[in-house]
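Novice: Have a look at this one.
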Amino acid sequence: MSDTYYDLMRRQGISRRSFLKFCSLTAASLGLGEAGAQQIAQAMETKQRTPVIWIEGLECTCCSESFIRSAHPLAKDVVLSMLSLDYHMTLSAAAGEQLRANAHETIKKHKGNYILAVEGNPPLAEEGNYCIYYGKPFVDVLREYAKDAKAVISWGSCASWGCVQAAKPNPTRATPIHKVITDKPIIKVPGCPPIAEVMTGVVTYMLTFDRLPDLDAQGRPKMFYGQRVHDKCYRRPHFDAGQFVEAFDDEGARKGYCLYKVGCKGPTTYNACSATRWNEGLSFPIQSGHGCIGCSEDDFWDKGSFYDHLTTIRAPGLANLGVEGTANRIGLAALGVAGAALAAHAAVSAIKQASSRGRNDRVSDVEK
C-alpha cells in the first residue's frame with residue numbers, strides 16, 4: 001500500500017504542528033478558510049500519494065525555477081515530495097535511460113491515476129523534429145505520456161498559449177498543449193513564469209482534494225485567475241483619479257501614479273500578481289515601477305509594444321457615467337465628477353446660508 005502524504009511528512013521529520021500550519025496557510029492561500037484547512041489535513045492524512053510526471057518541451061525551465069523557489073510553507077520539504085518526481089529532467093537525480101525507465105514504470109503502475117505536468121510546448125513543423133526527446137519528437141512523447149494520465153497541467157504561458165516560441169511568424173509551429181491533447185482535462189497555469197505560490201497552490205489542491213479546481217472559460221483556476229491585476233493594484237486609486245505616469249522617471253512616476261499610459265496591461269490581465277506578488281510576497285513588476293506586460297494572456301508577444309497603452313478601456317468606478325475611452329478621458333471624467341461634487345456642495349452651502357439669513361431677518365422683524 002502506498003504512503004499517504006502525512007506518512008511521508010512524518011518520515012521526513014515534519015512535526016504535527018508544522019503539518020497543521022502547512023494546511024492552514026495552504027487553505028488561506030486558496031481562499032478556503034479554517035474549514036478548508038481541516039479538509040486539507042484530513043485528505044493528506046488519508047489519501048495515497050498521486051504520482052505526477054513532469055515533462056519539458058520548448059521552454060527555458062523558468063517554470064521549474066519558479067516552482068522550487070516557492071515561499072509556500074514547507075514547499076521544499078512537502079510539496080516537492082508530494083510529487084512523484086520519478087520523472088523531471090531538471091530536478092530528478094536520475095538521468096538518461098534510467099530516468100526514462102522510471103517514467104514508464106510510473107505510467108504502467110499508476111495507469112489512469114497520475115497527473116501529467118507539461119512545461120513548454122511541442123513544435124509541429126518538420127514532423128516535430130525541432131524538439132527531440134530520447135530520439136523521438138517531443139509531440140510524440142507528449143501524446144504517449146498523456147494517454148493514460150488523469151489530467152494535464154499546462155505550466156506557464158509556453159504550454160498554455162505558445163508564448164514567445166509561437167510568436168509570429170512561428171517557424172517551428174510551436175503549439176499550446178490543449179491543441180494537441182484534446183481528450184484529457186487540462187488545467188492552464190499561465191505566466192512567464194507563473195507565480196511560485198500559484199503553482200504550489202494548484203498542485204496542493206489537486207493532490208489533496210483529488211479533483212480539478214474551478215476553472216474559468218479559458219481553463220485557468222479561478223482562485224488565482226479570477227481577477228485582473230488591475231483590480232487589486234495598489235496604484236488603482238490613481239487610475240480612478242486620472243493620475244498617470246506620462247514618461248518613466250517623471251514626477252508622476254516618483255509619486256507612484258498609475259502606469260497605464262506607459263503600457264501597463266494590468267486592466268486586461270488576469271493573474272494573482274497584485275495579491276500574491278513575487279519573491280516571498282515582497283513585490284511585483286508594477287510595484288517595482290514597470291507596467292504589467294500581460295504575460296499570462298494569450299498571444300501577449302504579438303499584441304504590440306509592451307509600452308504602448310491600450311486605446312480603450314472601461315473606467316472602473318465611473319461606470320455610472322458610461323465612460324469608455326482613453327486615459328485622458330478617464331482623467332477628465334474624474335475631474336468632472338470632482339467638479340460636479342464641489343459645485344453641488346457649494347450650491348447646498350449657499351442655500352443653507354440664504355435660509356439662515358432669512359430666519360435671522362424674520363427674527364429681527366419680530367423683535368422690532
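The values are calculated or read from the model by the stated rules, or taken from the named source; none is laboratory data. Being a predicted model, the structure only gives us computed values, none of them experimental. Using ideal geometry, Cβ is built from the backbone for each residue, glycine included, and neighbour counts are taken over all protein chains shown.
Novice: Could you count how many residues in segment 118-141 are small (Gly, Ala, Ser) and in a helix (DSSP H, G or I)?
Specialist: 2
Novice: For segment 215-229, give me each residue that is touching a residue at least 40 places away in the same chain (Cβ under 8 Å) and in contact with a strand residue (DSSP E or B) (Cβ under 9 Å, 6 or more places away or on another chain).
Specialist: Asp216, Gln218, Gly219, Arg220, Phe224, Tyr225, Gly226, Gln227, Arg228, Val229
Novice: Something else now. How about segment 142-256: which helices (runs of 4 or more DSSP H) wholly inside it have at least 3 residues that are under 22 Å from Gly128 (Cβ atoms) and modelled with pLDDT of 95 or more?
Specialist: The qualifying helices (runs of 4 or more DSSP H) are 156-160.
Novice: Before we move on, is Ser305 polar (S, T, N, Q) and either assigned to a helix (DSSP H, G or I) or surrounded by 15 or more Cβ atoms within 10 Å (Cβ to Cβ) (or both)?
Specialist: no
Novice: Could you tell me whether any residue of segment 135-155 is on the phi > 0 side of the Ramachandran plot and under 27 Å from the mean Cα position of the chain (by Cα)?
Specialist: Checked segment 135-155: no residue is on the phi > 0 side of the Ramachandran plot and under 27 Å from the mean Cα position of the chain (by Cα).
Novice: Let me ask something else. I'm told Lys255 meets every condition in (1) within 29 Å of Pro176 (Cβ to Cβ); (2) out of contact with any helix residue (DSSP H, G or I) (no Cβ under 7 Å at 6 or more places or on another chain); (3) surrounded by fewer than 16 Cβ atoms within 10 Å (Cβ to Cβ); (4) of a type in the set (Lys, Arg) except one. Can you identify the failing condition by its number?
Specialist: In the conditions (1) within 29 Å of Pro176 (Cβ to Cβ); (2) out of contact with any helix residue (DSSP H, G or I) (no Cβ under 7 Å at 6 or more places or on another chain); (3) surrounded by fewer than 16 Cβ atoms within 10 Å (Cβ to Cβ); (4) of a type in the set (Lys, Arg), Lys255 misses (1) alone.
Novice: Select, from Ala101, Ala95, Ala117, the only residue that is buried (at least 24 other Cβ atoms within 10 Å of the Cβ) and among the hydrophobic types (A, V, I, L, M, F, W, C).
Specialist: Selected residue: Ala117, the only one of Ala101, Ala95, Ala117 that is buried (at least 24 other Cβ atoms within 10 Å of the Cβ) and among the hydrophobic types (A, V, I, L, M, F, W, C).
Novice: Criterion first (closer than 24 Å to Gln287 by Cβ, without any contact (Cβ under 8 Å) to a residue 60 or more places away in the chain and either in contact with a His (Cβ under 6 Å, 6 or more places away or on another chain) or buried (at least 24 other Cβ atoms within 10 Å of the Cβ) (or both)) does Val198 satisfy it?
Specialist: Here the answer is no, as Val198 does not meet what is asked.
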